[in-house]
Structure formats: C-alpha cells, structure tokens
Amino acid sequence: MLFPRMRFAIIGLLVLLWGLSTACVTGKGAAQAREPKEELTAEEKSRQAWDEQLQEHPWMVSGEYFSQKEKGTGVDLREWIKSREEQKEKQKDTERRLEALEQAVQEGQTLEPPGKGPRPVVAAAQPSTVPAALLKPAGASSSRGLPFKAAMVVYPKVYEAAPDVKEALLGALGSLSARRSQILLMGPGEVEEILMQQGLVAGPKNMEKVAQALGTYPAARLVVFVEKLGLDAKGKKVEGSLEYAIVDGFSGRSITTGREAASASSGADGTRKVLGELVAAMAETLEKKSSQYDWYSRVAMVEGKQIYLTAGAASGLKVGDILSVYGPGKEIVHPVAKVSMGFQRGPYKGKVKVLKLFGRDAAEATLVSGKGKIEGNDLVAPPD
C-alpha cells in the first residue's frame, strides 16, 4: 500500500512543477511583449524591406526568376522597380508641364524655355467667310477627296419664258462647275441629252422619275430642278429671282425647295451678274445638302470579269483604287411621319479594283475579293 501512495505523490509533484515552469515562461513572454521594441539595425531594415518586396512581387522567389538570372537573360527586378518609379515621376512632370502650357495658351501666352519668360501668342488667322460646306468635300468624299455628283435640270418653260438669258444661264452654271471642285455638276445640256436618249422630257409631273433616271446614270446623288427664272428690268436696275427644287437621285424623294433673289445695274453685265449670284446662292444650298449624304456611284453593267462603273476620271478615281460594292439599297422612310430616316445600302458583295479609266467619267474594274454576284445598278462606295 505504501508504494502506490508514493507513486501518486510523485506524479502530483511532477504536474505541479510543470505548471509552475509554464507560468514563468508565459509571464516572461508577456513582459517582453510589453517592453518597447528596440530600433532595427540597418541589416534588419534591409531584410524587412526585402520581405515586403517579396510579398508584393512573389515572382522574385520563383524558379523561373532564378533560372533567368543564372542564364543572364532575366531582368533585375530591383532595377526594374526603380526604373518604374523614375518613369512615373517623369510622367507626372510631363503632365504638370502640359497643364501649365494649356493654361498659358488659354491666357494668350506660350511657354518659353527657362529664363526667357512667356511671350504673346500670335493671333490665329480669322476663319474664312466662305461657308464650311464650300471648303470641304461633301459626305464621304471628305475622306477620299471624291467630288459629290449632282445633275442640273432646267425645265423647258424656263427658257421659253426668258429665251434671251439661256446662254447667260448656261454660262453661269459652267463657271460655277469650274470653280466648285467639291461638286461634280452635270450641266443642263448633258442632262438633256441623257434624258432624250431615255425618251424623257423633264416636267413637274415626272420629277421623281427623271431624278431616279439620272440617279441610275450618270449616278447623280442629288438632282436640282430649275423651275422658274424671272428677270425684271426696272429703270436702272435688273431684279432677278430663281426657284428650284433639290431631289434625291436614288429615291426620287424631294428634299428641299428654294427661292433666291438678286439685283444689279441694268445692262448685259448686270444680267450676267444677277444670274451669277442666283446660281451661286443655289449652289451653296446644294453643297450644304450634299454634306448630309455619303459618296456613292453605281455599277453600269457587268461583262464576264469586266465591271463597268459610272464613275471615273471626273469623279476623281484613279487606276488601282479599291472600291466596295453593295446591293442597290433603299431609302428608309418613317411610315407615319413620312420623313426619311436615311439611305440604307444593300448587302455587301465584295471589293473591286479600278483597271482602266475611259470616257469623261467611267471606269473598268475587276473583282478582287468577295463572293457576291455583282450586277448592274449595284452601289459602289469607298471601302470602310
């Protein structure tokens, strides 16, 4: 009985000693935790910075990093990080300089190199009084420099009412066509010949049909109908008026109507001056309207691999030009408001390359890409 009791006493004593030793160690650790930390040495700071970089860029301890470093083909990441910081600082400096320059320009000054100070900005040239629509090609022609094709129709009754001004009117239109390179104008004489070959005589009742015929050939995007021309000599002055309508050559829809007026001193020179002013005012309206339309032409016909286009030298095309071909397309008109929502070209068929220019404004082309069947009256446009 004595030995078992001694055994239990010894076990209890050992447990007590273990508990006392654990409490001492825990108390010492807590006391050390409460004590203020000593300042890190330079080596410890360097190691701490390195640990932080490793946490931010774990790639530095990857096998790939050390493999590249041994081969000498890798990038020293420390140098790379340093370089990135320098680049960021340079970028910030550039942004500060740009802000300063922009502020100086707004205040009428430009920045000079250090030591020279700012100088006044030279005043920019004043904008031209010529309307913007007259200074740039219309619609898509602005990107390719292709003039916008339009046709001029003069009703026979206009000449009947003023037979003595026909020559002067045609002269004014011819002069206009020569001055305005943005508009490729098919004059009344050429238009009359085209309509005669189709058995058409222009009049108010067949305006839509005539416009669509001219939209097919010579592929005039817009058609201007001169409806009335009046000249009245009163004493020493000549007063003139011109009424016209502009019609979409592809749909035959009337776009706008206009009435211009002008006056000058009487005499032959005065009449020519009045007609010139009337035609110029009408042309300005035409050019403004044309800026709302894209440049298109038409496929005239297809013979084997030869594709003939109703656009050529006069339209600004050159041998080697690439053009896209689409189905004929149509104008989308709102069913209730009866307002045009725009012209929608047909399905894409392919691209053609101009091989030859002939006539005044025609070209021969060949298919270079695409699988669509190209047919007469398909749309031709600059590639997107």
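Worth a mention:
- Criterion applied to GLY235, GLY252 was being surrounded by 17 or more Cβ atoms within 10 Å (Cβ to Cβ) and either closer than 16 Å to PHE148 by Cβ or not basic (Lys, Arg) (or both), and the one residue passing it is GLY252.
- Condition check for VAL368: surrounded by fewer than 20 Cβ atoms within 10 Å (Cβ to Cβ), among the hydrophobic types (A, V, I, L, M, F, W, C) and not in a loop (DSSP other than H, G, I, E, B): yes
- Extreme residue, surrounded by the fewest Cβ atoms within 10 Å (Cβ to Cβ), among residues of segment 169-214 that are part of a loop (DSSP other than H, G, I, E, B) and modelled with pLDDT under 70: SER181
- Verdict on GLY199 being out of contact with any Asp or Glu (no Cβ under 9 Å at 6 or more places or on another chain) and either outside the structural domain of LEU146 (by TED's automatic domain parsing) or touching a residue at least 24 places away in the same chain (Cβ under 8 Å) (or both): no
Quick grid of which residues meet (1) of a type in the set (Lys, Arg); (2) closer than 21 Å to GLN292 by Cα; (3) surrounded by 15 or more Cβ atoms within 10 Å (Cβ to Cβ):
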{"site": "ASP321", "(1), (2), (3)": "no, no, yes"}
{"site": "VAL333", "(1), (2), (3)": "no, yes, no"}
{"site": "LYS338", "(1), (2), (3)": "yes, yes, no"}
{"site": "GLN344", "(1), (2), (3)": "no, yes, no"}
{"site": "PRO347", "(1), (2), (3)": "no, no, no"}
{"site": "LEU357", "(1), (2), (3)": "no, no, yes"}
{"site": "ARG360", "(1), (2), (3)": "yes, no, no"}
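- Test: residue in segment 288-307 that is among the polar types (S, T, N, Q), touching an Asp or Glu at 6+ places or on another chain (Cβ under 8 Å) and surrounded by fewer than 19 Cβ atoms within 10 Å (Cβ to Cβ): yes
- Check on LYS318, assigned to a loop (DSSP other than H, G, I, E, B) and under 24 Å from the mean Cα position of the chain (by Cα): yes
The values are calculated or read from the model by the stated rules, or taken from the named source; none is laboratory data. Bear in mind the structure is a predicted one, so any value in this text is a computation, not a measurement. Counting neighbours? That spans all protein chains shown, and the Cβs are built from the backbone with ideal geometry, glycine included.
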